Ligand SMILES: [Zn+2]
Ligand SMILES: [Zn+2]
């Protein structure tokens, strides 16, 4: 059994039990020694972080989450930005964007914006608070498992930080058009972003699941039966809680109760289907305008690339570059990289396994940032409504573009990077 490498803090007291962890990226099951607070165990094969222990794994995330909840209350109840032009005045809050889109009949896009910027961030903060408070009990209630699984699963779909960048792009675009006043909600949103990123950074998922495991759920008996049967069953790392147990594909995890899967089921086929759908939608996303500026009777549609060109012509180079990278480069690269990962896995490629794994991590992390344009459109639509003089309407390109981002995010989520390592291993065995 391989022993994961760990960087230890000097003189700190070891506080975790030695345990097995299956690397989420390459699938290697490794023995992680007892770790002291602040230690980091990395995968021997692909260098992924297997576990990072924290000095205060429950108290600090709880304090940050409670702060986040208060900031969320402030951010959602106050003004984000107000705009005055030719004697008229408009103001936007966190909900104005989705409401503006809905007014123009773009319900689907309104729902996407409200889910990613309000519903999911709020659900995550509240779920985290509920779980961390419940862990203070002697035996945490059984519902903590389901709630924490949701909190972890929703992580990439909470897009407050991307929304904030979308607000910034909208702000820079509007500076030349009208007088803008920044509202208190914007500062609350900025603080909320920092708090949420910090809360995610200081929480030790493994410690939370270990604490949740103390609860007497229906799975207790299965731990023992699975152990006795051990010799004939394979080791499976739980996708939800990370516990490595001996079990069959489709059995329930002894700790969290969710189904065990050796690898994500139908990973390649599902990722391909989602990716192809994204490629098809990428065409209308770029052909149709993402917004339409109506000015004194004339209407001027603007596509994604057109929006970048407008910024270049206005001399806003840094912003043009940011939007170009987020809206043009990232989606294209993401589609190409996902196709490369899928092809190479199907071909059983043995080259660059580590590099391809890193590539997957980048694709997974970067993809969501393309939503900047969508959030910017929602805010412009909410703010620029000066009757016949100037108004901005959303275009169907924005809906198609949001669909491309979401589909590629799902494709990355469906893809199981461990299959690359499995495929390479199988190929090496058959060749030998
Ligand atoms: Zn690994
Ligand atoms: Zn589990």
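Where a number appears in this text, it was derived from the coordinates with a stated rule and is not lab data. Quick caveat, the model's predicted, so the values are computed rather than measured. Note that each Cβ is placed from the backbone with ideal geometry, even for glycine, and that neighbours are counted across all protein chains shown.
For this structure, a couple of remarks:
- Against the chain, whose longest principal axis is taken from its Cα atoms, helix 396-414 shows a tilt of about 10°.
- When 118, 377, 151, 29 are sorted by how many other C-beta atoms sit within 10 angstrom of their C-beta, beginning with the fewest, the order is 29, 118, 151, 377.
- Crossing angle, helix 330-346 versus the chain [Cα axis fit, 0-90 degrees, rounded to tens]: 30 degrees
- Scaled to the globular estimate 2.2 N^0.38 Å, the Cα spread of the stretch 7-125, given as radius of gyration, is 1.69.
- Residue order, fewest to most surrounding Cβ atoms within 10 angstrom, among 196, 409: 409, 196
- Estimated purely from DSSP H runs of n ≥ 4, each contributing -39500 (n - 2.57), the mean residue ellipticity at 222 nm for the chain is -17000 deg cm²/dmol once divided by its residues.
- For the chain, convex hull of alpha carbons as volume per residue, Å³: 159 Å³
- Computed over the stretch 266-432, the Cα gyration tensor eigenvalues convert (square root of 5λ each) into semi-axes of 40, 15, 11 Å, ordered from largest to smallest.
- Between helix 160-175 and the chain: long-axis angle, C-alpha atoms, 0 to 90°, nearest 10: 20 degrees
- Here the ratio of the Cα radius of gyration of the stretch 262-325 to 2.2 N^0.38 Å is 1.66.
- Cα convex hull of the stretch 57-210, projected area averaged across orientations, nm²: 9.9 nm²
- Euclidean distance between Cα centres, the stretch 15-59 to the stretch 62-131, Å: 36 Å
- Note on the chain: GNM, Cα springs under 10 Å; of 299, 245, 93, the largest mean-square fluctuation is that of 299.
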